[in-house]
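Below: the structure, in structure tokens.
None of the figures in this text is laboratory data; all of them are computed from the coordinates on show. Since the structure is predicted, the reported quantities are computational estimates derived from the model, not experimental observations.
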Amino acid sequence: HLSSNIVPLWVGLTLTLYLYPNGSIRSLGAIYFGTGALTWLVGRDAIHLGASGIVFGILSFLLLSGLLRRDRRALAVSLFIVFVYGYLFWGVLPLSQDMSWEFHLSGVVMGCLCAVVLRNYDLPPMKRYDWEVDEDSECPEDFDDPSQY
């Protein structure tokens, strides 16, 4: 169980900290504590052990953040998550009695919730070119610095 969670956890943490340096602290804390609290509220009377809920939370945060933010880096990471770790999301369904699918589902819910709440954190700067500026709009006479628009 540990060996199947350690690589996705490492990859997910690395990508989250790289892409979203300000939002990652808030999202990782909320995913860690929220996944456990949500599993405690809705989970069945069983032992829920492991880091798989946190893995599901981080990967779903990365996936949905890329779709909501629509910048190239985040979309590339979303596609990476789908192609490399897309099989993990089958763990949300109750396919086996021995598996804590509630923990997985709680992680996905918390990851998606964090992605929606923190969608405006860490947005990359949008470069604006001079041909994008409307000539009829209120612009200063000297058009030397297009970054001011």
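Of note:
- Under Karplus coefficients 6.51, -1.76 and 1.60, residue-wise ³J(HN,Hα) of the range 97-105 in Hz, glycine/proline x: 6, 7, 9, 7, 5, 5, 5, 5, 5
- If the segment from L95 to V117 were pulled out straight at 0.36 nm per residue, it would be longer than the present Cα-Cα gap by 4.9 nm.
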